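The values are calculated or read from the model by the stated rules, or taken from the named source; none is laboratory data. Note that the structure is a prediction, hence the values are computed from the model and not measured. Don't worry about glycine lacking a Cβ; one is built from the backbone with ideal geometry, like all the others, and counts go over all protein chains shown.
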Amino acid sequence: MARYRELIVKADDRDLIPYLAGYLAAKNVSGVYFAEESGLHVSALKERFRHHGEVQHIVCTDEAAVALRDALAKAVPRYRFEIKEERELERARFRFEVATPSRNVAQLVRDTLAGVPPQTFISGFEPRERLNHDATGTELYSPLHDYEFQGNGEVQGDIDGVIKMRQRLCTIEFVKCNEIELFED
């Protein structure tokens, strides 16, 4: 399992994210996730008070952290990027729920959950299907549906795998995903 770090950088996201994205693309560095774009849970207001200004949370592999530090050190002085905190991360998790009248969406959810990345797992997911023979056809705005699929659960484990699973699940209609919580051990 890859080792991950969280860097809290004092910077304006309008400067930091494009700068780092360009730098990392030019150096062909992967394994970097920006909190705003990846659904990571951060206490933004608390962090702003503690660090006296806007901060950005970046989660990356240990190898990518070296490139990030290099990029921040080489930035032009007007950006004033500063790493305020850094911590090692061990794992991540998020909760999700699904409620749909569509058999196609239900199958897509099942297929997505079956493709869990290595060292990532689903817990507590017990899907419930209900057939109502009194209702006919699938009407999205109908008070009754002939088919209903519901369930909720948690994805946890390897940080990269958790982020990828959230990205996949969030693209499916009728699936709600909470923010990703990060943990150190």
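Some observations on this one:
- Annotation note: Cβ proximity below 8 Å between a residue of region 18-38 that is over 17 Å from Thr61 (Cα atoms) and a residue that is part of a helix (DSSP H, G or I) and of a type in the set (Val, Ile, Thr) (sequence gap 6+ or interchain) occurs for Glu36/Ile17.
- The numbered conditions (1) crowded, with 16+ Cβ neighbours inside 10 Å; (2) touching a residue at least 40 places away in the same chain (Cβ under 8 Å) are all true for Arg103 except (1).
- Pick from region 22-49, criterion aliphatic (A, V, I, L, M) and closer than 21 Å to Thr171 by Cβ, ranking: modelled with the highest pLDDT: Val32
- If the condition is being of a type in the set (Gly, Ala, Ser) and at pLDDT 95 or above, then region 122-149 contributes Ser123, Gly124.
- Strands (runs of 3 or more DSSP E) wholly inside region 55-121 that include at least 2 residues being basic (Lys, Arg) and modelled with pLDDT of 95 or more: 91-100
- Any chance Thr171 is farther than 12 Å from Thr100 by Cα, surrounded by fewer than 19 Cβ atoms within 10 Å (Cβ to Cβ), of a type in the set (Val, Ile, Thr) and modelled with pLDDT of 90 or more: yes
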